[in-house]
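In what follows, a single structure is set out as structure tokens and then discussed.
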């Protein structure tokens, strides 16, 4: 059984609770005392056989807030609360950095990666090209995994397994809550998880009141992602093909997260990347290209980012 340490918490991100509950199970009464009742609701909709069914256990926890650490420990049966996340070294087989404050990912993960401890980093990995260059050898070696759980979304199983049924794809369009920097990655990874697509450029249009990214794919197809802000709650992906069209609203977070965690645990035990490293790099470079396009008002080619 893989012993995992979990590191959290960032604002408005309940992943430390959802990931830990999926792996360890949860105490409903303690969970109900937290701010993450929405997570508890979708956990309660699952049969008990689907929870704590992975070959792993979260044994250690650290957050910057001792009260939150105690809540997480009680809610998800985590035995050991550490005062410093580095105290986990030597006692865990792997670490999950369940925070989406990407500016801290490099600093927090580096001590573990340099000691050969496998790490999963919550989305997005980074928005800094130099950090991405540093991370990539660890991705390639199988030591680091990072993605949005929507790469594995159950709602996308049909297009993932039957993409040829759509015929010649004319357009792919996605909409997502909140902003591009933290939430655009959800739809980028959802697309890349279908297989066969490779972004080559990104052009941002902000004139319509939100970030709308037009992403050119290698085959000439366009993928449009609209990050709609906080008022519109959606994770949707639409595929328009010459033979078939499909509209997919992604809402089953539990299945997405569980599949993602399964693949991380598999990577820890096998030592082999669960996601082809080139897709990790493509994902983050697409995100960075979108940021640069937003700042410059120009189309940004991913090939130019590599120098």
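Values quoted throughout were computed directly from the atomic coordinates according to the rules given, and no laboratory measurement underlies them. As the structure is a computational prediction, the values presented were derived from the model and not from experiment. A quick note on method: Cβ atoms are made from the backbone with ideal geometry, for glycine too, and the neighbour counts reach across all protein chains shown.
Taking a temperature of 25 °C and a viscosity of 0.890 mPa s, what whole-number D in µm²/s does Stokes-Einstein yield for region 74-175 with Rh from Kirkwood over alpha carbon pairs? Write down the numbers at each step before the final one.
Working: Rh = 16.3 Å.
In µm²/s, the coefficient rounds to 151.
Test of understanding: what is the full-extension gain from residue 165 to residue 86, defined as 0.36 nm times their sequence separation minus their Cα-Cα distance? Write down the numbers at each step before the final one.
Numbers: separation 79, 0.36 × 79 = 28.44 nm, distance 4.92 nm.
So the chain would gain 23.5 nm between residue 165 and residue 86.
Subtracting the Cα-Cα distance from 0.36 nm times the residue separation, let me have the gained length for residue 251 to residue 140 in nm, one decimal. Could you put the intermediate results ahead of the total?
Numbers: separation 111, 0.36 × 111 = 39.96 nm, distance 3.06 nm.
Stretched out fully, the residue 251 to residue 140 stretch lengthens by 36.9 nm.
Run through the DSSP bridge list for the chain and note the antiparallel percent, rounded to the nearest 5.
Working: 27 of 51 bridges.
DSSP beta bridges in the chain are roughly 55 percent antiparallel.
Between region 240-267 and region 1-32, what is the C-alpha centre distance in whole Å?
Using only Cα atoms, the two centres lie 21 Å from each other.
Classify region 166-307: rounded, prolate or oblate, from the alpha-carbon gyration tensor (a ≥ b ≥ c, eigenvalue square roots; a/c under 1.5 rounded; otherwise prolate if a/b is larger than b/c)? Each step should come with its number before you reach the end.
Details: a/c = 1.39, a/b = 1.25, b/c = 1.11.
Note, shape of region 166-307 comes out rounded.
Between the helical axis of 105-114 and the dominant principal axis of the chain, each derived from Cα atoms, what acute angle in degrees is found, rounded to the nearest 10?
That helix lies at roughly 60 degrees to the long axis.
Helix 253-270: angle to the longest alpha-carbon principal axis of the chain, degrees 0 to 90, nearest 10?
Once rounded, one gets 70 degrees.
Please find the FRET efficiency linking residue 301 to residue 103, where r is the Cβ-Cβ separation and R0 is fixed at 30 Å, and quote it to the nearest 0.05.
Numbers: r = 25 Å, r/R0 = 0.85.
The calculated FRET efficiency here is 0.75.
Tilt of helix 66-75 relative to the longest C-alpha principal axis of the chain, in degrees (0 to 90, nearest 10)?
That works out to roughly 90 degrees.
For the chain, what is the calculated [θ] at 222 nm in deg cm²/dmol (nearest 500), taking -39500 (n - 2.57) for each run of four or more DSSP H residues and dividing by its residue count? Let's see the in-between values first.
Values: 11 runs with 115 residues, N = 307.
About -11000 deg cm²/dmol.
Distance between the C-alpha centers of region 77-91 and region 172-212? Whole Å please.
A separation of 36 Å, based on Cα centres.
Based on the Cβ-Cβ distance of residue 205 and residue 129, what FRET efficiency does E = 1/(1 + (r/R0)^6) give at R0 = 35 Å, to the nearest 0.05? Each step should come with its number before you reach the end.
Working: r = 23 Å, r/R0 = 0.66.
After rounding to 0.05, the efficiency reads 0.90.
Of all DSSP beta bridges located in region 85-232, what percent are antiparallel, nearest 5?
Antiparallel bridges make up about 50 percent of those DSSP assigns within region 85-232.
Project the alpha carbons of region 1-63 onto their principal axes and report the range along each, largest first, in whole Å.
29, 29, 16
Assign one of three labels to region 9-164, namely rounded, prolate or oblate, based on the Cα gyration tensor with a ≥ b ≥ c the square roots of its eigenvalues; rounded applies when a/c is under 1.5, prolate when it is not and a/b is larger than b/c, and oblate otherwise. Please list the in-between numbers first.
Values: a/c = 1.73, a/b = 1.10, b/c = 1.57.
Oblate is the answer for region 9-164, as a/c is 1.5 or above yet b/c matches or exceeds a/b.
Using alpha-carbon pairs under 8 Å, 6+ residues apart, how would you state the relative contact order of the chain in percent? Write out the running numbers ahead of the final one.
Working: 628 pairs, mean separation 56.6, N = 307.
The normalised contact order for the chain reaches 18 percent.
For Cα pairs less than 8 Å apart in space and 6+ apart in sequence, what is the mean separation divided by the residue count of region 179-262, i.e. the relative contact order in percent? Walk me through the numbers before you get to the answer.
Working: 92 pairs, mean separation 16.6, N = 84.
RCO, region 179-262: 20 percent.
Which one of 172, 96, 208 has the biggest mean-square fluctuation once the chain is modelled by GNM with Cα springs under 10 Å?
208
Counting alpha carbon pairs within less than 8 Å and at least 6 residues apart, what relative contact order, in whole percent, applies to region 36-137? Don't skip to the end; give the middle numbers.
Numbers: 85 pairs, mean separation 18.9, N = 102.
Worked out over region 36-137, it gives 19 percent.
Once the piece of chain linking residue 55 and residue 33 is laid out straight, how much longer is it, given 0.36 nm per residue of separation minus the C-alpha distance between them? Could you put the intermediate results ahead of the total?
Details: separation 22, 0.36 × 22 = 7.92 nm, distance 2.78 nm.
Full extension of this stretch gives 5.1 nm more.
Using Cα springs under 10 Å in a Gaussian network model of the chain, which residue among 228, 86, 194 shows the largest mean-square fluctuation?
86
What number in nm² do you get for the chain if you take the convex hull of its Cα atoms and divide its surface by four? Can you show the working numbers first?
Numbers: hull surface 61.7 nm².
Seen from a random direction, the Cα hull of the chain projects 15.4 nm² on average.
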